[in-house]
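Structure first, commentary second.
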Amino acid sequence: MRHSRFTAILSALLLAATHVCAFEVESAKFYDAPSGGNLIRIVSTADIEVFEPIILAFQKLHPDIDVDYTVASSTEVMNAIYIDGEPFDLAISSAMDLQTKLANDGYARTYRSTATANLPDWAKWRDQLFAFTQEPAVMVVSDEAFKDIPLPTTREDLIDLLRDHPEHFDGRIGTYDVRTSGLGYLFATQDSRNTGSYWRLTELMGRLNTKLYCCSGQMITDIAEGRLAFAYNVLGSYASSRLKDTPGIRIVPFNDFLSVMLRTALIPKTARNPAAGGVMVDFLATLNTRLELNAQTGLPPISNDIGDLSNAMRPIRLGPGLLVFLDRLQRDTFLRSWSNSMEQE
Amino acid sequence: MTPTLAKGSIRRRLVLQLAGIAALLSLALFLVVRAVAEHAAEETQDNILAASATSIADALYSERGFVRLELPYSALSMLGTISEDRVFYRVVVDDETLTGYDDLPAPEVWSDSRKNKFSTLSYRGETVRSVAVTRAVSTGSQITDVMVIVAQTRLGLEAISTRITATATAVGAGFFLVATALSLLAAQTALLPLNRLAQSVARRGMADLRPVVTETPAELIPLVQSLNSFMSRLRASLTRSEDFITEAAHRVRTPLATVRTQAEVVHRRQSGAADKKALREMIRAIDESSRSAGQLLDHAMVTFRTDHLETSDIDLGDMIRDICDRLFPTADLKDIQINLDCTDQPMPFSGDPILLQNALRNILDNAIKYSPADSVITVRLTANGSYLIEFADQGRGFGDADLTQIVGRFERGSNVGDIVGSGLGLTIADEVARAHGGKLEISENKGGQGACVTVVLPRS
């Protein structure tokens, strides 16, 4: 019985296909509070360098809370809660679909406060999942590659551009390998939902020998160093933070639509100190009142302005719709189509 | 007078009963509104679940002999549009889970019909509503039955239910309050004719025994009829007794006159001092008896006439002068002087002359009777706001008798034991004064000993 349930969870857990053992930790750091005693354990997909300013600001406000910060991949964050039942007090992840699945399958606690009540409706789900950043998927281009070519502003523009200058872009396009990157998969599936041009674009990119990456960082580096002309669906927040010290690159936001990923936090059912988790959720939900942190982390806080459709920004909607692309068959189908388009050899 | 015992109140009973009915109806309204609305809400959830399951079933296809599925985005996202409920799904092919939550329970009986099968069950610690849709998919050579199960928790439904209950409660309470207020109003209106009747009866004068002619609703007609019949009987009875008294007084007075004459004749013939004294006593007693009989007659007449005043224009000055003149001989017998203080100005008054004469004569007569010999009676007629006719004597006054009771029938002062009297004089005067819209005021004489009786009549 126990075994069948275990396999059941496994089969539902699609991104965790390769790991059966306990979740893999990338790095961890303990932040001792000045007058500590209260401990909050956070598991997160955000790198320590990115998140540290937030923790320090948090401890300035709450000097009694020690923070134990563990970094893991989005799949491993999911594993930690879903399979291992690790007693984390807060799970932060950029994988909205996995976080939604955690909440949907009953692994999250309900939490309500003034701060969460003030979040826009699209930035929370079930009072269990709380978004605290909005990070669009953008195109990052090399200034050098586009000095004679007009910058595309829509996906249709980009398709025309690739058709007109195949030799210019051949082998010089980068994008996520959606088979290995959860974020890349999220952006790709949302694109496929939002526009009919997605598959044509993928087809074209495949024909032009697009290079596939695991992470935004490497793509930006390759653009800066001239190996790529542009990268498609790069995490905007990451690109912005690299912009300062990386010459020769530029961010091109599309006008037709911008998929906006929401970084979310949830308090797991297994939390030992859910109250501290709640305090951290409140802090994260009010990041828009601490713009200096935005400058330090490059994480744009939730703003009430987007959400209406007059804007090209299209926040990915939290809710059961996200479960669709986690479906095993659906994922198989999508990845097969994607692979067929991308790898045409 | 026996105190009226109030047993319950028609108004209260009416209001309570109507409020009770309103409460029952409100409760019924509440239950019906809630039942209908909740049923509608449940049906809405069922419809969306069915739409979701159907859209999944529509996306089933077969590929190389296997059932495949491309899960439509809208199938699950549509469930997220109306509430933030948890969503579970499962696609079963030949008892094997093709995709989804493979511990999501399927209906016990494999539904052979193509109808959607709804059920409410407990899953992962929460109550969920689930629908199972069966679809036959052709996989090349054979047909495979595929069941799509979609389930959703009921938080949204509960929220709607809470809202509906609140609304239904508000509607019910509002209905109850309005109905109660209206029933108060209705009770008030329904009892209005009764109050009107009560007032019209209460407004009547003491001696007004005319039938009630107020317009009354049908339900009150028996009451009014009985009341009128009762009053007519009372009236007949009163008339009978007045007639009896009049008749009796007449019958007594006439023989008394004869007896008095005879007594005087005998008195004149007698020479024995003791006998003469006894005869004088006898004559005096006869006088009093005949006087009483006269007053009884007067009273009967007054009682009758106050019901039907025959008014004419008179001058009070003339009338009082006439009365003083007439009683002058009686006063003179006791060496009593009557001082009339009256101007020659006209004092017009509209009233029943016989009654007024009777009343004033009775007062002056009383004053003479109770005044000691060789004293003065002052009669004063003044006119300012109203006419004041004042009779002040130097008699013994009323002792400590209650001045408000003294006008009662057969009531007399507490210090008149040695004087024969009926106690009707002031009663007559009082009734007459009131019949003319005035009153009788009685006080001790301000100037010194004696009594002061004032008739107050309104100046028209």
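The values are calculated or read from the model by the stated rules, or taken from the named source; none is laboratory data. Keep in mind that this is a model prediction, so the values were computed, not measured. Cβ: placed from backbone, ideal geometry, glycine included. Neighbour counts: every protein chain shown.
Kindly establish whether residue B:293 is among the small types (Gly, Ala, Ser), at negative phi and free of Cβ contacts under 8 Å to residues at least 60 places away in the same chain.
When the stated conditions are applied, residue B:293 passes them.
Can you find a residue that is modelled with pLDDT of 85 or more and over 20 Å from residue B:298 (Cα atoms) anywhere in segment B:354-367?
Scanning segment B:354-367, I find no residue that is modelled with pLDDT of 85 or more and over 20 Å from residue B:298 (Cα atoms), so the answer is no.
What do you reckon, is residue B:75 of a type in the set (A, V, I, L, M, F, W, C) and more than 10 Å from chain A (Cβ to nearest Cβ)?
Against the criterion (of a type in the set (A, V, I, L, M, F, W, C) and more than 10 Å from chain A (Cβ to nearest Cβ)), residue B:75 does not qualify.
Kindly evaluate residue A:188 against the criterion of being within 30 Å of residue B:84 (Cβ to Cβ), within 14 Å of another protein chain (Cβ to nearest Cβ) and touching a Pro at 6+ places or on another chain (Cβ under 8 Å).
Considered against the rule, which asks whether it is within 30 Å of residue B:84 (Cβ to Cβ), within 14 Å of another protein chain (Cβ to nearest Cβ) and touching a Pro at 6+ places or on another chain (Cβ under 8 Å), residue A:188 comes out as no.
For a quick check of your reading of the model, give me the residue pairs whose first member lies in segment B:31-42 and is farther than 10 Å from residue B:164 by Cβ, whose second is crowded, with 17+ Cβ neighbours inside 10 Å and of a type in the set (A, V, I, L, M), with beta-carbon atoms closer than 9 Å and at least 6 apart or on different chains.
From residues that are farther than 10 Å from residue B:164 by Cβ, the pairs are B:31/B:168; B:32/B:168; B:42/B:157.
Of the residues B:134, B:120, which single one is closer than 22 Å to residue B:81 by Cα, more than 14 Å from chain A (Cβ to nearest Cβ) and touching a strand residue (DSSP E or B) at 6+ places or on another chain (Cβ under 8 Å)?
B:120
Which one of these does residue B:341 not meet: (1) out of contact with any Ser or Thr (no Cβ under 8 Å at 6 or more places or on another chain); (2) more than 28 Å from residue B:246 (Cα to Cα); (3) not β-branched (Val, Ile, Thr)?
Of everything listed in (1) out of contact with any Ser or Thr (no Cβ under 8 Å at 6 or more places or on another chain); (2) more than 28 Å from residue B:246 (Cα to Cα); (3) not β-branched (Val, Ile, Thr), residue B:341 misses just condition (1).
Looking at segment B:239-286 only, could you name the residues that are touching a residue at least 60 places away in the same chain (Cβ under 8 Å) and acidic (Asp, Glu)?
The answer is B:242, and nothing else.
Kindly indicate the residue of segment A:98-110 that is assigned to a helix (DSSP H, G or I) and touching a helix residue (DSSP H, G or I) at 6+ places or on another chain (Cβ under 7 Å) and also surrounded by the fewest Cβ atoms within 10 Å (Cβ to Cβ) among those meeting that condition.
A:101
Just give me the residues in segment B:139-165 being more than 23 Å from residue B:52 (Cβ to Cβ) and more than 56 Å from the chain's Cα centre (by Cα), in sequence order.
Result: B:139, B:140, B:141, B:142, B:143.
Quick one: which residue in A:93, A:113 is more than 14 Å from every other protein chain (Cβ to nearest Cβ) and either of a type in the set (Asp, Glu) or buried (at least 21 other Cβ atoms within 10 Å of the Cβ) (or both)?
A:93
Within segment A:25-42, does at least one residue satisfy the condition of being within 30 Å of residue B:86 (Cα to Cα), surrounded by fewer than 21 Cβ atoms within 10 Å (Cβ to Cβ) and assigned by TED's automatic domain parsing to the domain that holds residue A:284?
Scanning segment A:25-42, I find at least one residue that is within 30 Å of residue B:86 (Cα to Cα), surrounded by fewer than 21 Cβ atoms within 10 Å (Cβ to Cβ) and assigned by TED's automatic domain parsing to the domain that holds residue A:284, so the answer is yes.
Conditions (1) more than 14 Å from chain B (Cβ to nearest Cβ); (2) farther than 19 Å from residue A:129 by Cα; (3) among the polar types (S, T, N, Q), marked per residue:
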| residue | (1), (2), (3) |
| --- | --- |
| A:250 | yes, yes, no |
| A:256 | yes, yes, no |
| A:265 | yes, no, no |
| A:305 | yes, yes, no |
| A:328 | no, yes, no |
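Given the options B:246, B:254, name the one that is among the polar types (S, T, N, Q), over 29 Å from residue B:14 (Cβ atoms) and surrounded by 13 or more Cβ atoms within 10 Å (Cβ to Cβ).
B:246
Identify, by number, the condition in (1) under 24 Å from residue B:388 (Cα atoms); (2) touching a helix residue (DSSP H, G or I) at 6+ places or on another chain (Cβ under 7 Å) that residue B:283 doesn't meet.
Result: residue B:283 fails condition (1) only.
Of the residues that sit in segment B:317-348 and are free of Cβ contacts under 8 Å to residues at least 12 places away in the same chain and not acidic (Asp, Glu), which one is surrounded by the most Cβ atoms within 10 Å (Cβ to Cβ)?
Looking at the filtered set, the residue picked out is B:328.
Considering segment A:302-338 alone, what residues qualify as being over 23 Å from residue B:78 (Cα atoms), in contact with a helix residue (DSSP H, G or I) (Cβ under 9 Å, 6 or more places away or on another chain) and at pLDDT 90 or above?
A:335, A:337, A:338 - these are the residues of segment A:302-338 that are over 23 Å from residue B:78 (Cα atoms), in contact with a helix residue (DSSP H, G or I) (Cβ under 9 Å, 6 or more places away or on another chain) and at pLDDT 90 or above.
Could you check, for segment B:270-289, whether at least one of its residues is outside any helix (DSSP H, G or I), in contact with a Lys or Arg (Cβ under 7 Å, 6 or more places away or on another chain) and at pLDDT below 85?
Among the residues of segment B:270-289, at least one is outside any helix (DSSP H, G or I), in contact with a Lys or Arg (Cβ under 7 Å, 6 or more places away or on another chain) and at pLDDT below 85, which makes the answer yes.
Take residue B:97 and tell me if it is surrounded by fewer than 19 Cβ atoms within 10 Å (Cβ to Cβ) and away from every other protein chain (no Cβ under 14 Å).
no
To keep it simple, each residue is scored yes or no on (1) touching a strand residue (DSSP E or B) at 6+ places or on another chain (Cβ under 8 Å); (2) assigned to a helix (DSSP H, G or I).
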{"site": "A:49", "(1), (2)": "no, yes"}
{"site": "A:53", "(1), (2)": "no, yes"}
{"site": "A:59", "(1), (2)": "yes, yes"}
{"site": "A:63", "(1), (2)": "no, no"}
{"site": "A:70", "(1), (2)": "yes, no"}
{"site": "A:76", "(1), (2)": "no, yes"}
{"site": "A:81", "(1), (2)": "yes, yes"}
{"site": "A:84", "(1), (2)": "no, no"}
{"site": "A:88", "(1), (2)": "yes, no"}
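Taking segment B:47-72, which residues are surrounded by fewer than 19 Cβ atoms within 10 Å (Cβ to Cβ), within 11 Å of chain A (Cβ to nearest Cβ) and in contact with a Lys or Arg (Cβ under 8 Å, 6 or more places away or on another chain)?
B:61
Yes/no matrix, rows are residues, columns are (1) without any contact (Cβ under 8 Å) to a residue 12 or more places away in the chain; (2) within 14 Å of chain B (Cβ to nearest Cβ); (3) of a type in the set (A, V, I, L, M):
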{"position": "A:40", "(1), (2), (3)": "no, no, yes"}
{"position": "A:56", "(1), (2), (3)": "no, no, yes"}
{"position": "A:66", "(1), (2), (3)": "no, no, no"}
{"position": "A:74", "(1), (2), (3)": "no, no, no"}
{"position": "A:89", "(1), (2), (3)": "no, no, no"}
{"position": "A:102", "(1), (2), (3)": "no, yes, yes"}
{"position": "A:108", "(1), (2), (3)": "no, yes, yes"}
{"position": "A:135", "(1), (2), (3)": "no, no, no"}
